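The values are calculated or read from the model by the stated rules, or taken from the named source; none is laboratory data. Keep in mind it's a predicted model, so treat the numbers as computed, not measured. Virtual Cβ from ideal backbone geometry, glycine too; neighbours counted across all protein chains shown. SASA here: full protein model, heavy atoms, side chains in, ligands and nucleic acids out. Shrake-Rupley method; radii C 1.70, N 1.55, O 1.52, S 1.80 Å.
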Amino acid sequence: MSVSPPAVEIRHLVKDFKTSFRRQPLRAVDDVSIRIMPGEVYGLIGPNGSGKSTTMKALLGLVAPTSGQCAIFGKDSLKVDSRNEVGFLPENPYFYKHLSGKETLEFYGKLCGIRGSTLKDRVTELLELVDLTDASHRRIGGYSKGMLQRIGLAQALIQRPRLVILDEPTAGVDPIGSREIRDLIFKLREQGITVFLCSHLLEQVQEVCDHVGIIFRGKMVKEGRLEDLIAIEDQTELILKDADPGLIAEIEALIARDAKAELIRSGKPRTTLERLFLRETKRQETQPK
Amino acid sequence: MNPLPAIAAIPEHAARIAVIAFHAFTQLVRMKVFYFLAFFALILIASNFFNLPQHEGPEAAGVDVLRAIKSWSLGAMTLFSVVLSIVSTALLLPKDVEDRTLYTILAKPVPRLDYLAGKLLGVLLLVFVSLAMMDALMTGILHIRTNMVLADQMTFAEARGWPAEEMEALKTDILAQGPTASLQGAVLSVFLRATIIASLALLISTFSTSTLFTTIIAFLIYFIGHFQADARAAFLSQEAGMSDGILAKSVTLVVALVLPDFQLFNVIDAVIEGQVMPLVLLGKLTLIGLFYVVFYIIASWLIFAKKEF
């Protein structure tokens with residue numbers, strides 16, 4: 001049985017950009033290697049200007065590496081056929097404003113060679129997936145930021161790619177829109193689609209990704225399974241519900257008797273502001289007017 | 001999850017180019033470019049009332065109006081087709097880069113040559129449709145006006161008791177000023193010239209940094225193209241006396257290759273005067289047009305293929 005090639009294989013990628021005024025070229029990506037296996041959700045995190053987008057563009061053949069190689073499912077990124085298996089959502093995408101959501105998906109579908117009823121069915125399916133069926137005949141020019149991101153995600157998925165590359169998929173989107181995009185990423189993961197996303201919103205990356213790479217000033221500084229990277233090995237967390245103060249006191253006494261264990265913190269866990277926002281807006285939405 | 005069946009067979013380049021071309025055409029149409037047709041109609045109506053001072057005898061009355069209609073119409077067609085070709089081509093590429101829509105297109109299995117060819121064809125389709133509409137308007141009005149002139153002249157000749165053969169000759173002369181096949185050839189020449197200038201604008205926009213730069217340079221080359229032949233002739237006559245002319249020949253060859261000679265399209269003026277446009281000449285202009293389009297597209301592709309976004 002043949003072993004399937006990695007969805008993404010970036011080997012020792014270096015990318016220099018010529019600058020007009022300085023003799024020294026600007027090194028945007030410095031010896032970065034990434035390997036993403038099929039079905040993984042990989043998050044590349046780093047501050048602005050750290051080389052995340054350049055890495056993605058090199059993987060898509062939009063920029064040529066100064067040295068190193070990029071491949072998608074074993075196919076060289078500089079070759080057009082590598083793009084059959086990949087869908088891309090760029091950062092802050094603007095689609096053709098004169099087209100409606102439906103026409104946009106049809107255009108991208110036709111570019112991928114899909115025609116007729118196959119295209120029609122796929123467009124309907126994707127509009128439902130990204131919850132834009134009602135807005136499908138509206139011009140893109142009138143779409144909100146969240147809707148643009150969702151139609152962008154739909155166009156990325158039009159030819160059923162096995163790999164989806166998302167550059168800052170939730171940048172500038174409100175918490176509800178952001179949650180919807182995250183839910184879509186979860187759906188992709190369930191369908192076995194490999195996702196390569198980059199973001200500087202760390203909480204989101206933590207929520208959806210199983211593998212993470214941290215890039216800083218063009219260099220990969222840390223990479224691995226998210227669980228392994230963030231686990232604090234010498235600590236244990238217990239979260240209790242409806243525990244009376246007596247039980248808490250007993251547990252604390254037990255810990256105090258142990259020579260090695262130490263209680264670091266106890267108290268009520270706090271919800272995140274985001275969860276609070278989502279809960280309250282949902283409550284308002286469901287309340288009768 | 002299996003890829004859709006259509007993906008298995010990578011679509012033909014032609015199909016993909018057609019998708020991009022129709023999209024570019026729709027984009028330009030939705031930018032409301034066809035509003036200029038209203039201006040064209042106004043020009044056409046105005047040309048009907050534009051009477052030049054009468055130098056010829058009464059037997060030629062009305063013929064100058066027919067010439068004016070053709071002259072104004074073909075002039076307006078030239079202006080609109082050149083402006084549309086340059087501005088549309090100069091606009092499409094930088095807009096895609098600026099809006100990042102180009103990323104999403106090139107991230108699909110779309111070769112860069114297909115993208116360029118599609119955009120150019122979209123502009124040419126727009127120019128072709130515009131010219132066809134303007135042509136229909138011009139031919140319609142010219143047809144009506146020619147019949148009016150013919151009727152007047154025949155009445156005039158009959159009243160004077162002209163012999164039949166002279167009346168026939170007069171009729172032929174008047175019809176030659178009307179909507180002839182040569183006039184359609186002239187419109188096609190206007191389209192061919194627009195084709196060359198659009199592909200030139202495409203080449204400039206692959207390395208230019210702004211729409212404005214592309215537009216200015218393309219217009220400059222368009223105007224230079226009208227003097228290119230004269231400059232070349234003057235240069236050759238100077239060089240001939242000094243050397244064996246190899247240098248002169250190579251320089252003129254390079255100039256002719258890069259800068260099209262738009263004087264070749266001056267045949268349009270002869271058609272306005274009522275002369276017949278030989279089919280061979282139209283064939284020659286078509287070949288020249290094709291040569292420059294292919295040359296400029298290949299040059300654009302060589303630059304665009306290495307471009308990074």
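Evaluated over the range B:12-304, the count of Lys pairs having alpha-carbon atoms less than 20 Å apart is 6 (only pairs 8 or more residues apart or interchain).
Here the spin labels are modelled as points 7 Å beyond Cα on the Cα-Cβ line, and at B:Q263 and B:M148 they lie 3.9 nm apart. Here chain A is scanned for GluC sites (Glu not before Pro) in DSSP loops (not H, G, I, E, B) that have at most 16 other Cβ atoms within 10 Å, and the longest stretch holding none of them is A:1-232.
Calculated [222 nm] ellipticity per residue, helices only, for chain B: -27000 deg cm²/dmol; basis is -39500 (n - 2.57) per DSSP H run with n ≥ 4, divided by all residues, nearest 500.
Each Lys or Arg adds one and each Asp or Glu subtracts one; over the other residues with Cβ under 13 Å from the Cβ of B:F291, this totals 0. Sequentially through the range A:29-45, phi angles give Karplus couplings (6.51, -1.76, 1.60; θ = phi - 60°) of 10, 10, 6, 9, 10, 9, 10, 10, 7, x, x, 7, 10, 10, x, 9, 10 Hz, Gly and Pro residues having no value and appearing as x.
When the Cα convex hull of the range A:8-230 is projected onto planes of every orientation, the mean area is 12.6 nm². Residue separation of A:K97 and A:T118 scaled by 0.36 nm, minus their Cα-Cα distance, works out to 5.1 nm of gained length. Under the classification rounded if a/c is under 1.5, otherwise prolate if a/b is larger than b/c and oblate if not, where does the range B:12-304 fall, given a ≥ b ≥ c as square roots of the Cα gyration tensor eigenvalues? Verdict is oblate for the range B:12-304. Solvent exposure of A:H211, expressed as accessible area, is near 40 Å², computed with a probe of 1.4 Å over the protein chains only. Summing Lys and Arg as +1 and Asp and Glu as -1 over all other residues whose Cβ lies under 13 Å from the Cβ of A:K75 gives a net charge of -1. Sites counted here are GluC sites (Glu not before Pro) in a DSSP loop (not H, G, I, E or B) having no more than 13 other Cβ atoms within 10 Å; the longest part of chain B that contains none of them is B:57-272.
Taking label positions 7 Å along the Cα-Cβ direction at both B:L220 and A:L263, the computed distance is 8.1 nm, reported to one decimal. Of the whole protein surface, B:Y115 contributes about 0 Å² of accessible area at a 1.4 Å probe radius. Between A:M37 and B:A136, what FRET efficiency follows from the Cβ-Cβ distance if R0 is 60 Å, with the result rounded to 0.05? E(calc), rounded to 0.05, equals 0.45.
The tail of the calculated P(r) for the range A:60-147, taken as Cα-Cα distances beyond 19 Å, holds 51 percent of the pairs. Projecting label points 7 angstrom from Cα along Cα→Cβ for B:R30 and B:A256 puts them 4.5 nm apart. Relative contact order, whole percent, for chain A stands at 22, derived from Cα pairs under 8 Å and 6 or more residues apart. Dividing the Cα radius of gyration of the protein assembly as shown by 2.2 N^0.38 Å, with N the residue count, gives 1.35. Only helical runs count toward this figure. For chain A, summing -39,500 (n - 2.57) over DSSP H runs of n ≥ 4 and dividing by all residues gives -10500 deg cm²/dmol at 222 nm.
When you filter the trypsin sites (Lys or Arg not before Pro) in the range A:88-187 for DSSP loop state and at most 15 other Cβ atoms inside 10 Å of their Cβ, you are left with A:K97, A:R115, A:R138. Only helices reaching 20 angstrom along their own axis (Cα) with mean Kyte-Doolittle hydropathy no lower than 1.6 count here, and for the DSSP H runs of chain B these are B:181-207, B:279-304. One decimal place: the segment B:Q184-B:E168 gains 3.4 nm when fully extended, by the rule 0.36 nm per residue minus the C-alpha distance. By the combined test of axial Cα extent (at least 15 Å) and Kyte-Doolittle hydropathy (mean at least 0.5), the qualifying DSSP H helices of chain A come to A:245-257. According to the Cα-based calculation, Rg over Rh for the range B:176-308 is 1.04, with Rh computed by the Kirkwood formula.
In a DSSP loop and with at most 14 other Cβ atoms within 10 Å, the trypsin sites (Lys or Arg not before Pro) in the range B:10-41 are B:R30, B:K32. I want the local charge near B:T206. Using Cβ-Cβ distances under 13 Å, sum +1 for each Lys or Arg and -1 for each Asp or Glu among the other residues. Here the charged neighbours net out to +2.
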